[in-house]
Amino acid sequence: MFRNRGLLRALAELSPRARFAWAALLALAVLAGQVLLRSVDEGKVPFLLFNPAIVFAAAAFGIWPAMLVYGTGLLFGLHVFMSAALTLAGPQRAALLAYAVMGFVYIYLGQLGRIYAGRAMRAERQLVADRLAQSEARRAYLHDLLLQAPGFVAVLRGPEHVIELTNEAFDELVGRRDLTGRVFRAAVPELAGQALMAHLDEAFRTGGRYSARDTEVLVRPAPGAAPRTHFIDFALQPTNTGAEVTGVFIAGVDVTARKLARDALLLNEERLKDGLQAARMAVWDCDLATEQVHFSDSAVAIFGASLDVLRQPWHLLHPDDVPRLRLARERALAERGTYLETVRARRADTGAELWIEVRGRVLTDQAGVPRTLRGVTIDVTLRHVAELGLREAERRKDEFLAMLAHELRNPLAPISAAATMLQHPGATPPQVERASAIIGRQAAHMVRLVDDLLDAARISRGKVELRYEPFDLALSVEDAVEQVRPLLERKGHVLTVRGSPQPLPVDGDRARLTQVVANLLNNAARYTPDGGAIEVALAASATSVHVTVSDNGCGIAPALLPGVFDMFTQGQRGRDRTQGGLGIGLAIVHGLVRMHGGRVAAFSDGAGQGARFEVTLPLALPRAGGAALSPHGAAARQGPQEGPPPGTTVLVVDDNRDAADTLAALLHSHGMHCTVEYGAVAALQRAVRERPRVCILDIGLPDMDGIELARQLRQRLDGPLLLLAQSGYGQAHDRAAGLAAGFDHYFVKPVALETLLAVLAQALQPGAAQALAEP
């Protein structure tokens, strides 16, 4: 009985009344058994069943329920013995006394067993309680551990994935709390259509584990907020009861920061790689023990060789530069410092020459012993070429400034001499006439020099405005020949013009195309020795018109031929500079021809073999209505102009007294009444007082510029007034500002007297509208 733990626990849990009831039932059962036994043994052993029953009752129910069984047996014994002998004597009395005494012994023995059984039960209960407490403590520890885990944790139950447990990290990930007891799909609806849900269903259905890295999920940081992208590493572990899957355990880590950092690092590496490629730069490390160089990937594009070949790159360096680079490296190793050298190299695939800049620094170990060289190699070939170009440009600029000084001093010398002659009191009229002619020619030469410089600047910036008209290109050739004829005659050249039997119609600016041919003829005349031969040939094809200027002069060296149309380019010239010029004529030709949609090319067999320049222009398309070509161009449409009306009042304003007085004297000699002012304020006062018909204003006045003076004159003088500007500023915006201020014409100094008189005559004719465009 004492080995049956279940029976002991059941008996120990009986109430006192129940114990007495069970003892009474036991006594009755034993009594019934003993009555049946009496019919067999005739009452010889009346206590046979009561003895063990007393022990059992004492052990199972306690002392007093055992006393009930004991008393029942005692009464049964008295009944048996008394009914047989009516007196207790002999063996019956001994048996009854023995039962009476042994009954207490049996009760003691049973109670002793009950005590030991109780102790065992209490010990077992304590053991169970201790184990249960340990289990609860472990469960609580694991629960707290899950809740405090750095990654997110969720325990789901059933096929609907009811949430049984989540930790704080999971709540922060999904932006919600109090998720326990809710269906996962309903609690986090934004995950319902994503891959995580499909993996949950699959893990519960198959019982298989699943894990993934850098999985993209969209979750809301708060209810109603816009979803945000997170990246998670997670694992799914099905939970089982026996062989049946009861739920899924989710554990993972939010790796968004790591993923973004890694992506940013990869992006930076890509950017660095692209930057190295764009900068033609390669980073390298050189192991001093093995002398092997480990380049970055960008070195492949620089040297045209694989990284394996570049482990030993010395064979790609120019032999003459290797000693210098090695010396710089050895010096850096000795000083534990850095070095920088620019050396020549070659590409392994094409053999093309490279210029590379090598920067290196020494890396040492903890003992200070050099172990590695780390540095960068930069392809500076383009920079080197650019530096050579800058040096060449600097040389050409210096040469141009020298040429410009020479070309400006040349006309100044005869002008100075002629001015001295005019100042001599004994100068004869022929001498005065000759001196005046010299000054006029040399001044015109200086104007042409300045105009060429301005034209070159305007053409290079695309600021030249062309006046297009259909005309025969032969007219431009005739005009150019007339312009250059004095130079040709002075040098004794023989000019041959081979015209075309058919018209050469072009649509362009006749004056500018005349300038193109004249520049080519001037160039041929200057670079052909005296008595040389120059030829101009005209021809036409189906779509083009061709003008070829050739000579038998000094020719063009092959090295100069590719850049012959560059600014300030000239061939080798002696110190006498008998050819003259600034080296910009051909640049102007190239720019103007290109603006007309054509092309120009230079050809020469070398020095002393002459040169040939060929200009090709588009053939003009026939005009609607069959309009004929103008035989003389725009210049022929203007008839002869009469001079301005005598007595016209003119106010000349210029702070340069010589310029103002000279211009006033010239206008006075043509019948006009002129007054002169040297300042803007005085000029304004005189104009208000005398109201002149014409005002010729300088722009660069000291007290008030000519632009503002023109505005003041327009505001204060309400009668007819012709405003003319003359200035050294000739840019397009300068002209626009002058016309906007109220000027009728804007002239760039120096102004030809014939042009000024023609404008005055046209503008002052009775009833003539004032023209606002420059003639």
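Kindly establish whether residue 485 is over 30 Å from residue 317 (Cα atoms) and modelled with pLDDT under 85. Before the answer, list the steps.
Values: over 30 Å from residue 317 (Cα atoms): yes; modelled with pLDDT under 85: no.
Criteria not met by residue 485.
Could we say that residue 217 is surrounded by 17 or more Cβ atoms within 10 Å (Cβ to Cβ) and within 29 Å of residue 244 (Cα to Cα) here?
On the way: surrounded by 17 or more Cβ atoms within 10 Å (Cβ to Cβ): yes; within 29 Å of residue 244 (Cα to Cα): no.
Criteria not met by residue 217.
Considering only residues that are assigned to a helix (DSSP H, G or I) and of a type in the set (Val, Ile, Thr), look in the range 662-712 and name the one that is nearest to the chain's Cα centre (by Cα).
Taking the candidates together, the pick is 707.
Which residues, taken from the range 113-127, are over 30 Å from residue 74 (Cα atoms), surrounded by 12 or more Cβ atoms within 10 Å (Cβ to Cβ) and out of contact with any helix residue (DSSP H, G or I) (no Cβ under 6 Å at 6 or more places or on another chain)? Even if it seems obvious, please write down each step before you answer.
Of the residues in the range 113-127, the ones over 30 Å from residue 74 (Cα atoms) are 119-127.
If we keep only those that are surrounded by 12 or more Cβ atoms within 10 Å (Cβ to Cβ) too, we end up with 120-121, 124-125.
Scanning the range 113-127 gives 120, 124, 125.
Rundown of residues vs (1) more than 12 Å from residue 652 (Cα to Cα); (2) of a type in the set (A, V, I, L, M, F, W, C), yes/no style:
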{"site": "665", "(1), (2)": "no, yes"}
{"site": "674", "(1), (2)": "no, yes"}
{"site": "707", "(1), (2)": "yes, yes"}
{"site": "710", "(1), (2)": "yes, yes"}
{"site": "729", "(1), (2)": "yes, no"}
{"site": "732", "(1), (2)": "yes, yes"}
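Hey, among 110, 77, 43, 73, which residue is at pLDDT below 80, assigned by TED's automatic domain parsing to the domain that holds residue 17, in contact with a helix residue (DSSP H, G or I) (Cβ under 8 Å, 6 or more places away or on another chain) and assigned to a helix (DSSP H, G or I)?
77
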**Asked** (1) at pLDDT below 90; (2) in contact with an Asp or Glu (Cβ under 9 Å, 6 or more places away or on another chain); (3) closer than 30 Å to residue 383 by Cα: which one isn't true of residue 281, the others all being true?
**Response** (1)
**Prompt:** Going through the range 292-304 one residue at a time, which ones are more than 21 Å from residue 269 (Cβ to Cβ) and surrounded by fewer than 19 Cβ atoms within 10 Å (Cβ to Cβ)?
**Reply:** 292, 304
**Fill in**
Among the residues of the range 697-728, the number that are within 16 Å of residue 659 (Cα to Cα), surrounded by 14 or more Cβ atoms within 10 Å (Cβ to Cβ) and either outside the structural domain of residue 685 (by TED's automatic domain parsing) or touching a Lys or Arg at 6+ places or on another chain (Cβ under 9 Å) (or both) is 4
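Condition first: under 27 Å from the mean Cα position of the chain (by Cα) and loosely packed, with under 15 Cβ neighbours inside 10 Å. Now tell me which residues in the range 360-382 satisfy that. Step through it out loud before you land on a result.
Applying the first criterion (under 27 Å from the mean Cα position of the chain (by Cα)) to the range 360-382 yields 375-382.
382 - this is the single residue of the range 360-382 that is under 27 Å from the mean Cα position of the chain (by Cα) and loosely packed, with under 15 Cβ neighbours inside 10 Å.
Please verify whether the range 317-337 includes one or more residues that are under 16 Å from residue 281 (Cα atoms) and outside any loop (DSSP other than H, G, I, E, B).
Checking the range 317-337: not a single residue is under 16 Å from residue 281 (Cα atoms) and outside any loop (DSSP other than H, G, I, E, B).
Given the criterion touching a His at 6+ places or on another chain (Cβ under 8 Å) and of a type in the set (D, E, K, R), identify the matching residue among 233, 254. Before you say what the answer is, go through the steps one by one.
Working: 233 fails: touching a His at 6+ places or on another chain (Cβ under 8 Å).
Result of the check over 233, 254: 254.
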**Request:** State whether the residues of the range 205-213 include one that is under 14 Å from residue 254 (Cα atoms), surrounded by 12 or more Cβ atoms within 10 Å (Cβ to Cβ) and not small (Gly, Ala, Ser).
**Result:** yes
**Single unsatisfied condition, residue 396 versus (1) over 30 Å from residue 566 (Cα atoms); (2) outside any strand (DSSP E or B)** = (1)
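If I ask for residues that are over 58 Å from the mean Cα position of the chain (by Cα), without any contact (Cβ under 8 Å) to a residue 12 or more places away in the chain and either buried (at least 21 other Cβ atoms within 10 Å of the Cβ) or not in a loop (DSSP other than H, G, I, E, B) (or both), which ones from the range 468-515 would you list? Walk me through how you get there before you give the answer.
Our first condition is that a residue be over 58 Å from the mean Cα position of the chain (by Cα); within the range 468-515, this holds for 482, 485-502.
Checking the rest, the ones that are also without any contact (Cβ under 8 Å) to a residue 12 or more places away in the chain come to 482, 485-486, 489-490, 501.
Result: 482, 485, 486, 489, 490.
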**Where a residue in the range 722-733 is of a type outside the set (Lys, Arg) and its partner, wherever it lies, is at pLDDT below 80, with Cβ under 7 Å and at least six apart** = 722/770; 730/454; 732/463
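The values are calculated or read from the model by the stated rules, or taken from the named source; none is laboratory data. Since the model is a prediction, treat every value here as computed from it, not as a measurement. When we count neighbours, we look across all protein chains shown, and the Cβ atoms used for this are built from the backbone with ideal geometry, even at glycine.
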